[in-house]
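To keep things clear, I will list the structure first and then write my remarks on it.
All of the numbers you see were taken from the coordinates with simple rules; none came from a lab. For clarity, every value in this text was computed on a predicted model and none was experimentally measured. Glycine gets a Cβ as well: all are built from the backbone with ideal geometry, and neighbour counts include every protein chain shown.
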Amino acid sequence: MKIKINELIRGYSGSVRTSTGKEYTGIDLNGIRRVAAEADISTRAAEIAALKLEIIPVRYFRNIASLGIAGQARLLSSSVAVVGAGGLGGLAIELLSRLGVGKITIIDGDRFSEDNLNRQVLCREDDIDRLKAEVGAQRVRAINSAIEVVFHPIFLTEENAVELLSKSQVVVDALDRISIRIVLEKVIGELGIPMVHGAIGGFLGQVATIMPGSNILSALYGGDAAPSARGIEALLGTPTVTPAVIASLEVMEVIKFLLDRGTPLKDEFLYLELENAIFSRIDLQR
């Protein structure tokens, strides 16, 4: 069967020329779909098989110079959970889909409202009052049909968190309440997986990769935060640009972890004050 798949991929591949004149051996979306159908495998499996032959699915070509062929294949074999599908989470979902992360789990029990339109990339006027998690899953499928997407239109709680997150390699924190972030931190400690934390308010933001058992958020905010307690966004609002910057940095942290490269923000905050372009790294273990 493996030989047949390889033959199919080679048969549907060819020389591809970019807009800058560069040529490479690639396979387009129609070719990938034909391979998947004829070999009776998933689209994602067909993409991974092509990459192993150093034949690049056209959709990922502009990733390869930075991620490498092996890195792209590794992303396609990875699983990420995004908790919260609003300002931070919606853009994280969009970016993870375009990167080609193989499985994305979306958890959010909220519905879109009109005041989400200023910053939540998943929200269009027609989506007002629709479930954020459901819209997010539809967006993933529209962007990248190779990705397996699972959505849970419920809120994360201490009771359901282990079950919802246990099959993911890393969790993206796109929440807006301190108490549930602390719950999430506790659960990733139990599961032994990292979480990428992001928070925003006004033109301020922070990002950190929190390792299992470090309990940084609990120490920072206190373990007894009120269930309704929110960060400074309740006071400063959430202008359009801030979630875009912070969500992008969160996804970069996910890439670092999944591909084991770069310098992750392990147990330290990258603090951003966008209005004056101030970026500071704060070691939280000191």
**Request:** Place a +1 charge on the Cβ of each Lys and Arg in the stretch 2-73 and a -1 charge on the Cβ of each Asp and Glu, then give the dipole magnitude about the Cα centre in debye, rounded to the nearest 20.
**Result:** 100 debye
**Message:** Just to be sure I follow the definition: excluding the sites themselves, where is the longest run in the chain that has none of the GluC sites (Glu not before Pro) in a DSSP loop with at most 15 other Cβ atoms within 10 Å?
**Reply:** 160-286
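What is the local net charge at N144, summed over the other residues whose Cβ is closer than 13 Å to its Cβ (Lys, Arg +1; Asp, Glu -1)?
+4
Out of the trypsin sites (Lys or Arg not before Pro) in the stretch 1-50, which ones are loop residues according to DSSP with at most 12 other C-beta atoms within 10 Å?
Working: sites: K2, K4, R10, R17, K22, R33, R34, R44; in loops: K22.
Counting only loop positions with at most 12 other Cβ atoms within 10 Å, the trypsin sites (Lys or Arg not before Pro) in the stretch 1-50 are K22.
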**Prompt:** How many angstrom separate the Cα center of the stretch 58-103 from the Cα center of the stretch 14-43?
**Reply:** 19 Å
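Taking the Cα centre of the chain as origin, work out the dipole magnitude from +1 charges on Lys and Arg Cβ and -1 charges on Asp and Glu Cβ, in debye rounded to 20.
Numbers: 31 positive and 35 negative charges, 257 e Å.
The calculated dipole for the chain is roughly 1240 debye.
Given a Förster distance of 51 angstrom, what is the FRET efficiency for T157 paired with K22, based on the Cβ-Cβ distance and rounded to 0.05? It would help to have the intermediate numbers written out before the result.
Working: r = 50 Å, r/R0 = 0.98.
That pair, T157 with K22, gives E of 0.55.
Expressed in nm to one decimal, what extension gain is obtained for the pair Q169 and V241 from 0.36 nm per residue of sequence separation less their Cα-Cα distance? List each step's numbers first, then the result.
Working: separation 72, 0.36 × 72 = 25.92 nm, distance 2.83 nm.
Using 0.36 nm per residue and subtracting the Cα-Cα distance, I get 23.1 nm.
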**Request:** Please work out, to two decimal places, the log10 of the ratio I(q)/I(0) at q = 0.13 Å⁻¹ from a Debye calculation in which every Cα of the chain carries one identical scatterer.
**Result:** -0.89
**Charge dipole of the chain about the Cα centre (unit charges at C-beta), most positive-ward option of I107, F257, G87** = F257
**Request:** Grab the beta carbon distance between A37 and A65, set R0 = 35 Å, and tell me the FRET efficiency rounded to 0.05.
**Result:** 0.70
**Asked** Can you tell which of F203, L96, A70 lies farthest toward the positive end of the dipole of the chain, using +1 and -1 charges on the Cβ of basic and acidic side chains (Lys, Arg; Asp, Glu)?
**Response** A70
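Length gain on complete extension for the stretch E148 to E54, per 0.36 nm per residue less the alpha carbon to alpha carbon distance? Display every interim value, and only then the final one.
Details: separation 94, 0.36 × 94 = 33.84 nm, distance 2.29 nm.
Answer, rounded to one decimal: 31.5 nm.
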**Item:** Protection proxy ranking, peptides 80-92, 206-218, average beta carbon neighbours within 10 Å, highest first
**Value:** 80-92, 206-218
**Message:** To the nearest 20 Debye, how big is the dipole of the stretch 61-142 about its Cα centre, given +1 on the beta carbon of each Lys and Arg and -1 on that of each Asp and Glu?
**Reply:** 560 debye
**Lys pairs, the chain - Cα-Cα below 29 angstrom, 8 or more residues apart or on other chains** = 24
**Request:** May I ask what percent, to the nearest 5, of DSSP beta bridges between residues of the stretch 78-283 are antiparallel?
**Result:** 50 percent
**Request:** Specify the angular offset, from 0 to 90 degrees and rounded to the nearest 10, of the alpha carbon long axis of helix 132-143 from the longest principal axis of the alpha carbons in the chain.
**Result:** 30 degrees
**Request:** Determine the sum of side-chain charges near G26: Lys and Arg each +1, Asp and Glu each -1, restricted to other residues whose C-beta is under 15 angstrom from that of G26.
**Result:** +4
